[in-house]
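Have a look at the structure below, then the notes.
Derivation of every value follows stated rules applied to the coordinates shown; laboratory data play no part. Small disclaimer: the values here were computed from a predicted structure and weren't measured. All Cβ positions, glycine included, derive from the backbone under ideal geometry; neighbour counts span all protein chains shown.
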Amino acid sequence: MKKYVCGVCGYVYDPAKGDSDNGVAKGTDFKDLPADWCCPICGADKSEFSPE
Amino acid sequence: MKDIYSAVKVSDHVYWVGAIDWTIRDFHGYTTPHGSTYNAYLVMADEITLIDTVKAPFMDEMLSRIKSIVDPAQIKYIISNHSEMDHSGCLPQVIDLVKPKKVFASVMGTKTLNELFHDQSEITAVKDGETLSLGNMELTFMETRMIHWPDSMFTYLAKDQLLFSQDAFGMHWATQERFADELPAANLEYEAATYYANIVLPYSPIVLKALDKVLATGWDIKIFAPDHGPIWRKDLGWIIELYKKWASQKPTAKAVVVYATMWHSTEKMARAISEALATAGIKVKLLSMNETHRSEVVYEVLNAGALIVGSPTLNNNILPQMADVMTYLKGLKPANLIGAAFGSYGWSGESVKDLEVWLKEMKVEIAAEAVSVKNVPDSDVLEKCAELGKKIAAELIRKTANS
Ligand SMILES: [Fe+2]
Ligand SMILES: [Fe+2]
Ligand SMILES: [Zn+2]
């Protein structure tokens, strides 16, 4: 599973860690994040992310 | 001594109680030749509320302005819309002095303020969309993450139709005038654009979202009260349209040629490229990093379609002045640019390849082959430079005709 980086603030989504603040379990692939998930630092949409 | 500073009335219940910094010239790497202001606001509601504070050395000026209206000890609430030290630097001291009932910040703001000042556990987090009653009026909070920091938020006072917009719609311009309509429009546009380019530009996708979010609230806003520069109380559409234009980063038929030079070889190339661009009908800005500040470069790039960069090779590297501006530009993420590289060298010539790496990292589309010359360019080499200029011009004309 690939890490994805936010093009706005530089936050890296790591599937191994998930995003516990927003109810995303460890081991969740970036592609499987809900469509309305956004960057936990800056609030950017999923579309602003690219593979690291 | 009698206090020399006084508050300025902004609307029925709001007073400006900020500070004017006539002398600041460097704002974390952004040069501010005309100083700045740190705006704080007093809301004279049943529960008297202070919106933001000022940079630490200016606390006395702010307190003095507050005292012209009310005893600071009467302040019940303090709102921190943005944690950056130009707005929060004196917050811990003001809390100690005023002993407000409560201090509020966004969820991210409470975290940041604790990391900046430590032991600020009494600061209460407000959520996006939450309201706070001040007795006879109400504040509404809206998260605006990354405009300018993750903690940033707007606060809306419906009673006075006034939006406290912290860094947004601001500018670094020290003036005795408090309102934008008291200042010349051309200067306002220049200062607001320079500020946008140097502070807000990387967050342009978020700016567009934030503007939509504000529109979707249905708030009938009559006043923007930012944390820097003059207050907007007339024709808000003017600054909103400028923000939309800058944030959308549509390419224009303008090229910025940025270079540094050792013995004028790279400079000769830069001038040949610029002349060819201008002859082809492109607006050109030629900026020598031997003389120009990085802040001016990003201001010019803000409304450009092409970025052409030149450097001689110094000790197997680009010149440090070029490394400076490339680092700065990369961080500010100008979008939708095409570009090319050029430069002279004495024996090894790494600079042009290095500049192309910078351009690629900045997602600038390389639209012409680089020109590189050993020592001084002759007329053949300058002809190649002109070709580079023509090629960029043709591509810019094609791109801007389509958009
Ligand atoms: Fe800021
Ligand atoms: Fe600021
Ligand atoms: Zn982000």
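Give the residue from B:Phe104, B:Trp173, B:Ser88 lying farthest towards the positive end of the charge dipole for the stretch B:8-248; charges sit on Cβ (+1 for Lys and Arg, -1 for Asp and Glu) and the dipole is referred to the Cα centre.
Toward the positive end, the furthest listed residue is B:Phe104.
Can you give the Kirkwood hydrodynamic radius of the stretch B:222-324 from its Cα pairs, in Å with one decimal? Kindly include the intermediate steps, with their values, before the conclusion.
Details: mean 1/r = 0.0632 Å⁻¹.
So the Kirkwood estimate lands at 15.8 Å.
For chain B, what does the helix formula give at 222 nm: sum of -39500 (n - 2.57) over DSSP H segments with n ≥ 4, over the residue count, nearest 500 deg cm²/dmol? Intermediate values should be presented prior to the final figure.
Details: 12 runs with 141 residues, N = 403.
Taken over chain B, the calculation gives -11000 deg cm²/dmol.
Any idea how far apart B:Leu215 and A:Asp29 come out in nm if each label point goes 7 Å out from Cα toward Cβ?
3.7 nm
Nearest-5 percent of antiparallel DSSP beta bridges in the protein assembly as shown? Spell out each step's value before the answer.
Numbers: 34 of 72 bridges.
Taking every DSSP beta bridge within the protein assembly as shown, about 45 percent pair in antiparallel fashion.
If I model a spin label at B:Lys245 and B:Ala125 as a point 7 Å from the Cα along the Cα→Cβ vector, what separation in nanometres do I get?
Result for the modelled spin labels: 4.0 nm.
In peptide A:35-45, how many Cβ atoms from other protein chains are near each Cβ within 10 Å, on average? Walk me through the intermediate numbers first.
Working: counts 0, 0, 0, 2, 4, 3, 5, 10, 10, 6, 3.
Mean inter-chain Cβ contacts per residue within 10 Å come to 4.
Compute a Gaussian network model of chain B, connecting alpha carbons closer than 10 Å, and tell me which residue from B:Asp86, B:Asp60, B:Asp26 fluctuates the most.
B:Asp26
Taking Cα atoms, how many degrees apart are the long axis of helix B:204-216 and the longest axis of chain B, rounded to 10 and kept between 0 and 90?
40 degrees
Considering the protein assembly as shown, what Rg and Dmax in Å follow from its alpha-carbon atoms?
Cα only, the protein assembly as shown: 24.4, 77 Å (Rg, Dmax).
Which entries of B:Lys360/B:Lys391; B:Lys127/B:Lys159; B:Lys234/B:Lys254; A:Lys2/B:Lys245 have Cα-Cα distances beyond 26 Å here? Write out the running numbers ahead of the final one.
Values: B:Lys360/B:Lys391 18 Å; B:Lys127/B:Lys159 21 Å; B:Lys234/B:Lys254 31 Å; A:Lys2/B:Lys245 35 Å.
Beyond 26 Å: B:Lys234/B:Lys254; A:Lys2/B:Lys245.
For helix B:379-402, report the angle its Cα long axis makes with the longest principal axis of the Cα atoms of chain B; keep it between 0 and 90° and round to the nearest 10°.
On a 0 to 90 degree scale, this one is about 50.
How large, in Å, is the stretch B:8-248 by the Kirkwood hydrodynamic radius built from its alpha-carbon pairs?
On the way: mean 1/r = 0.0568 Å⁻¹.
Every distinct Cα pair counted, the radius reaches 17.6 Å.
Using a simple charge model, +1 on the beta-carbon of Lys and Arg, -1 on the beta-carbon of Asp and Glu, nothing else, what dipole does the stretch B:8-248 show about its Cα centre, in debye to the nearest 20? Spell out each step's value before the answer.
On the way: 21 positive and 32 negative charges, 45 e Å.
It comes to approximately 220 debye.
Determine, for B:His28, B:His148, B:His172, B:His264, the number of other Cβ atoms within 10 Å of each Cβ, and report the residues in order from fewest to most.
Working: B:His28 8, B:His148 21, B:His172 26, B:His264 14.
Exposure proxy ranking, most exposed first: B:His28, B:His264, B:His148, B:His172.
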